[in-house]
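Since the structure comes first, as structure tokens, the remarks are kept for the end.
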Amino acid sequence: DGGILVMATLFGLYPFLVKLFADGGYQGEQFQTGLKKAVSAVNVEIVKRSDRAKGFVVLPKRWVVERTFAWLGRCRRLAKDWECRNAKGLAFLRLASIRLMMRRLCKIS
């Protein structure tokens, strides 16, 4: 239910974003119509698992999100939900992201 508000805010803050990759749970008519009302210029691509696939299958684009969450989970303050306030959690998320970017730019393992 809150997906439309989040997408309207996100694409309002970052108007250069033009494509949204979404899970199969967001393919419903309610989300699609609400998103078109909130943000008309976005292209939505639903990443679905094939019905014929058996066992583990790597889904395109989905591994990017899972990998990023794994990298952020290495930071001690983000490994568990310790923060009482969202502002603190967001601050530590930003610090962890800056740390990741700096390590990549400086090529530190």
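The values are calculated or read from the model by the stated rules, or taken from the named source; none is laboratory data. Just so it is clear, the model here is predicted, and its values are computed rather than measured. Using ideal geometry, Cβ is built from the backbone for each residue, glycine included, and neighbour counts are taken over all protein chains shown. Side chains included, ligands, DNA and RNA excluded: accessible areas come from the protein's heavy atoms. Shrake-Rupley method; radii C 1.70, N 1.55, O 1.52, S 1.80 Å.
The table below gives the values:
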read-out: Farthest positive-ward along the chain dipole, Cα basis, beta-carbon charges - from Leu72, Ala38, Leu59; value: Leu72
read-out: Accessible area in square angstrom per residue, the chain, 1.4 angstrom probe; value: 84
read-out: Debye log10 I(q)/I(0) at q = 0.18, 0.29 Å⁻¹ for segment 63-106, Cα point scatterers; value: -0.53, -1.08
read-out: Cα shape, segment 2-46, gyration tensor, a/c 1.5 rule; value: prolate
read-out: Relative packing of peptides 89-96, 78-85 - highest average C-beta neighbours within 10 Å first; value: 89-96, 78-85
read-out: Residues of type aspartates and glutamates that Lys37 reaches as a straight line, Cα spacing below 16 Å, ignoring anything fewer than 8 places off in the same chain; value: Asp1, Glu29
read-out: Sequence-distant residues sharing a close amide H with Val44 (under 5 Å, placed H); value: Leu20
read-out: Helix-only [θ]222 nm of the chain, DSSP H runs n ≥ 4, -39500 (n - 2.57) each, per residue, nearest 500; value: -16000 deg cm²/dmol
read-out: Angle between the chain longest axis and helix 3-13 axis [Cα atoms, degrees, rounded to 10]; value: 70
read-out: Of all accessible heavy-atom area on the chain, the percent that carbon and sulfur account for (1.4 Å); value: 60
read-out: Set of lysines near Lys107 by C-alpha distance (under 30 Å), chain-local residues within fewer than 8 positions excluded; value: Lys19, Lys61, Lys80, Lys88
read-out: log₁₀ of I(q)/I(0) at q = 0.13, 0.17 Å⁻¹ - the chain, Debye sum with one point per alpha carbon; value: -0.72, -1.09
